[in-house]
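Computed from the coordinates by the stated procedures, all read-outs in this text should not be read as laboratory data. This one's a predicted model, so the numbers in the text were calculated from it and none came from an experiment. All Cβ positions, even for glycine, are placed from backbone atoms using ideal geometry, and neighbour counts span all protein chains on display.
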Amino acid sequence: MQSLDALAREAVALANNQPVGVAAGAGAVDEVARQMQICNACRYCETFCAVFPAMTRRLAFGAGEAHYLANLCHNCGACLHACQYAPPHEFAVNVPRAMAQVRRETYTEYAWPRAFGALYRRNGVTVAVATAGGLALFLVLALAMRGTLWHAPLAGNFYAVFPHNLMAGMFGAAFAFAVLALGVGAARFWRGQSPGAVTGPAAAEAARNALALTYLDGGHGDGCNEQDDAFTLARRRFHHFTFYGFMLCFAATCVATVYHYVLGQPAPYPVTSLPVLLGTLGGIGLLVGPAGLLWLNLRRHPLHGDPRQRPMDRAFIVLLFGTSLTGLALLALRDTGAMALLLAVHLGTVMALFLTLPYGKFAHAVYRGAALLKYQVERRQPNRLQLGGD
């Protein structure tokens, strides 16, 4: 009977039609295919997350399969620390990095318009900061030209600085563009997957996995690995602060819209009102979560993920943190003469966040959600290979 090493070598040869040891020169999709062939021969990590049961349903890994598995991966690092073929072994199996490199291609390949995705991928932090700063500066200069940059207290009435219809039009257009761009990207991704019919139970389970970040528990509930072999739930918790902080801020905007258009109660609202309470809680979440994620990102081991993706990751974190920080500062000082200046800076930051949503790290939520849905649809279908997994 052949040893596991021998089986893995044969798998690599069959997958790539070349000798083992091509990891450094392979393309991102080819490298995922090479590593998945080795993992299919090993199966040690089969219970870690959804990637490995999905892997067992396949013998070949083309571009569609690679993008699916890459977006199913949560980059927690548990499989890297458990793998006997990880570097410095000659097989050089590093699933988190290989998957991250394909996800980087996903963001660009499925982006709409595609040229925008390529620009943001290369210049993440620069584009984010320049966009936010440029928009904020434009609004500040517009106020300065009108002579309203410094003013007497306006009782927190933002519409005395920028008319309601102007703000609604600007941000409505930016939000609509982000939704359209993300929707087109998700549709392109989904068409390449051929997942089968979506059922209610599959959609419900996928939603639960996404909202609970099920696969950031390392497969055993103790969490994933950051710098060393110690398990930690830090990334999961900071992700939750970030995601639910964002959703609370979005809920605050929705409630304020109902107040304005349905109940006929325009802003400003009291500190104890529902829109302000939701926005404050969301803002705190968007301070704690992004700060924690940036701290982890700066400390993370180079083998975890793709270092080339860090500018994109950090740009999104910086914009989220900046949006929250400027929003809370505006709330705290809205009854002062600095309100117009703070409003301009906040609006510029929020606009930059909206315009870059489809081309940064936020896109991973859309593609990961689609991958989780495909996984739940697929696992309810017969496994024709009968090689294990769900």
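For the chain, set up a Gaussian network in which alpha carbons nearer than 10 Å are linked by springs, and say which option among G64, G245, G305 fluctuates the most.
Comparing G64, G245, G305 in the GNM, the peak value goes to G64.
Which whole-number value in Å³ per residue fits the convex hull of the alpha carbons of region 136-212? Walk me through the numbers before you get to the answer.
Details: hull volume 14.0 nm³, N = 77.
Normalising the Cα hull of region 136-212 by residue number yields 182 Å³.
Size of the dipole of the chain about the Cα centre, Lys and Arg at +1 and Asp and Glu at -1 on the beta carbon, nothing else charged, in debye to 20?
On the way: 30 positive and 20 negative charges, 118 e Å.
In total the dipole reaches around 560 debye.
In the neighborhood of A203, defined by Cβ-to-Cβ distances under 12 Å, what is the net charge if each Lys or Arg adds +1 and each Asp or Glu adds -1? Walk me through the intermediate numbers first.
Values: positive: R208, K374, R380; negative: E205.
That sum, taken over residues with Cβ under 12 Å, equals +2.
Can you find, among Q265, V318, L328, the residue farthest towards the positive end of the dipole of region 254-390? Put +1 on the C-beta of Lys and Arg, -1 on that of Asp and Glu.
So the residue furthest toward the plus end is V318.
Just how far, in whole angstrom, is region 275-333 from region 76-98 if you go by their alpha carbon centroids?
Using only Cα atoms to place each centre, the spacing works out to 29 Å.
If contacts are Cα pairs under 8 angstrom and at least 6 residues apart, what is the relative contact order of the chain in percent? Walk me through the numbers before you get to the answer.
On the way: 560 pairs, mean separation 107.2, N = 390.
Once normalised by length, the contact order is 27 percent.
In square nanometres and to one decimal, what's the mean projected area of the convex hull around the Cα atoms of the chain? Can you show the working numbers first?
On the way: hull surface 82.9 nm².
Orientation-averaged projected area of the Cα hull: 20.7 nm².
Compute the helix-to-body angle for 310-332: its Cα long axis versus the longest principal axis of the chain, expressed 0 to 90° and rounded to tens.
30 degrees
With charges set only on the Cβ (+1 for Lys and Arg, -1 for Asp and Glu), what does the dipole of region 186-274 come to about its Cα centre, in debye to the nearest 20?
Numbers: 6 positive and 6 negative charges, 92 e Å.
Dipole of region 186-274, to the nearest 20 debye: 440 debye.
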